[in-house]
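Notes follow the structure.
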Amino acid sequence: MALLIRNGEIVTEGSRLRADIYAEGETITAIGNNLAAAPGTEVIDASGKLIFPGFIDPHVHIYLPFMGTFAKDTHETASIAALVGGTTTYIEMCCPNRNDDALEGYELWKSRAAGKSACDYAFHMSVTKFVNETESQLREIVADGSASFKIFLAYKNFFGVDDGEMYQTLELAKRLGVIVTAHCENAELVARLQQKLLAEGRIGPEWHEPSRPESVEAEGTGRLATFLENTGATGYVVHLSCEKALRAAVDAKSRGVKIHVESVLPHFLLDKSHAELPGVEGMKHVMSPPLRAKRNLDVLWKALAAGDIDTVGTDHCPFDAEQKLMGKDSFVNIPNGIPGIEDRVNLLYTQGVKRGRLDLERFVDAASTRAAKLFGLYPRKGTVAVGSDADLVVYDTNYRGVISAKSQYTNNDYNAFEGVEIEGRPSVVTVRGKVQVRDGKFVGERGRGRMLKREPSHF
Ligand SMILES: [Zn+2]
């Protein structure tokens with residue numbers, strides 16, 4: 001089966017070009033003007049539309065046992081939600097906890113995705129302890145194609161590693177050429193501040209942010225940077241949320257530390273007043289690091305435009321209202337997460353490109369290309385070029401709509417961006433040459449997605 005997309009304007013991280021794209025099978029085989037179609041070719045007219053490389057969400061949770069419950073999506077629901085919103089590849093955090101065996105966890109996470117995802121996917125392997133068998137297990141996992149790690153400097157005694165384990169992980173990662181993604185907070189301070197607030201009777205969701213303030217995230221970010229500096233490893237801060245932490249990362253970058261930065265959709269659009277709403281409405285806006293004081297939003301947008309923030313992910317992690325209410329007597333029991341896999345691209349386009357905060361090329365870079373480059377997927381993913389996978393998003397900039405939980409594919413009963421207007425959406429989304437989405441509807445093949453094998457590239 002061949003695919004021809006005619007007359008669109010192709011936007012990559014470095015160029016804009018009006019041309020046709022021809023894909024034979026799963027791969028882009030020609031880009032040019034007036035390309036001819038063999039009989040039987042599926043032809044899509046993209047006149048007046050933009051064509052982007054399939055977008056990549058570098059940070060999602062799909063299968064996730066957490067705080068005594070499970071995140072709501074499956075790979076079936078999350079991948080369709082992703083595709084409808086223009087995301088054709090996601091990288092899931094494989095998160096066995098400290099009590100689990102790492103290799104068994106890895107196999108479990110893989111089994112949840114295999115044959116289920118409608119788009120391509122990969123894994124960041126969490127290192128939640130460092131024991132005798134850890135090195136050999138991680139070598140095996142890297143050899144299997146999962147060439148990135150995740151560490152948590154928060155969630156003490158569950159996902160969290162101590163400084164010694166962080167050192168061992170980074171030292172091994174350096175030898176293996178593997179990038180290490182990191183949740184940067186100070187676990188000890190979070191635990192102490194939580195206890196203090198609860199002892200004072202401060203139990204509502206509005207106390208979640210004060211229990212993990214900006215300084216606590218900045219400390220974690222700075223500590224990661226110092227450990228990177230002294231091991232020579234390459235790191236990637238996930239979901240950086242505020243100016244103080246940004247400064248720690250940018251300082252490190254400027255002294256040559258190999259540190260990259262991701263911020264996630266909620267931190268660009270929502271602030272801590274959302275978590276201060278009474279009852280379950282506040283709980284729906286609880287994630288870690290928390291939503292911050294409003295002054296940070298503009299700082300993040302500017303850093304994103306400048307490229308100091310490399311990528312935009314989501315930290316997609318849906319828990320429904322009933323699950324959120326597990327924390328009604330204590331904010332520490334609210335399952336953390338604000339889902340966004342379906343809305344990331346449209347909101348970033350609307351609030352970024354349309355509002356003049358981001359140019360189109362940086363938008364593509366931040367939401368696709370840079371993640372592909374950092375995580376060993378480029379140029380197979382993250383660009384529109386001959387030889388790349390035909391993961392394409394034909395984007396309708398004239399579309400106008402409103403985000404609502406009622407019409408979403410994400411398996412959840414609320415959307416934190418409910419009622420927000422979007423000015424654009426994908427009209428066609430392809431995965432390796434096959435049309436999976438048309439105008440907001442999934443029309444494709446379930447289970448088409450494949451696990452992407454990635455080589456280490458950070459030596
Ligand atoms: Zn996460």
*Name the residues in region 354-390 that are surrounded by fewer than 21 Cβ atoms within 10 Å (Cβ to Cβ), touching a Leu at 6+ places or on another chain (Cβ under 9 Å) and touching a residue at least 60 places away in the same chain (Cβ under 8 Å), would you?*
Leu360, Arg362, Arg380
*Can we say Thr77 is in contact with a Phe, Trp or Tyr (Cβ under 8 Å, 6 or more places away or on another chain) and either part of a strand (DSSP E or B) or within 16 Å of the ligand (Cβ to nearest atom) (or both)?*
no
*Yes or no: Gly235 within 16 Å of the ligand (Cβ to nearest atom) and either among the small types (Gly, Ala, Ser) or over 15 Å from Glu165 (Cβ atoms) (or both)?*
yes
*strands (runs of 3 or more DSSP E) (entirely within region 1-63) containing at least 1 residues that are over 22 Å from Ala372 (Cα atoms)*: 2-11, 16-24, 27-32, 42-45
*Just name the residue that is nearest to the ligand (Cβ to nearest atom) out of those in region 41-71 that are modelled with pLDDT of 95 or more and surrounded by fewer than 17 Cβ atoms within 10 Å (Cβ to Cβ).*
Phe70
*On the given criteria, is Gly401 more than 22 Å from the chain's Cα centre (by Cα) and on the phi > 0 side of the Ramachandran plot?*
no
*If you go through region 268-283 one residue at a time, do you hit one that is buried (at least 22 other Cβ atoms within 10 Å of the Cβ), touching a Lys or Arg at 6+ places or on another chain (Cβ under 8 Å) and not hydrophobic (A, V, I, L, M, F, W, C)?*
no
*When you look at Phe363, is it within 30 Å of Glu24 (Cβ to Cβ) and within 16 Å of the ligand (Cβ to nearest atom), yes or no?*
no
*Of the residues in region 315-346, how many are away from the ligand (no atom under 16 Å from the Cβ) and surrounded by fewer than 24 Cβ atoms within 10 Å (Cβ to Cβ)?*
12
*Residues of region 140-178 satisfying the condition of being in contact with a helix residue (DSSP H, G or I) (Cβ under 6 Å, 6 or more places away or on another chain), within 16 Å of the ligand (Cβ to nearest atom) and touching a residue at least 60 places away in the same chain (Cβ under 8 Å)*: Leu153, Ala154, Gly160
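The values are calculated or read from the model by the stated rules, or taken from the named source; none is laboratory data. Note that the structure is a prediction, hence the values are computed from the model and not measured. Cβ sites come from the backbone with ideal geometry, for glycine too, and all protein chains shown count toward neighbours.
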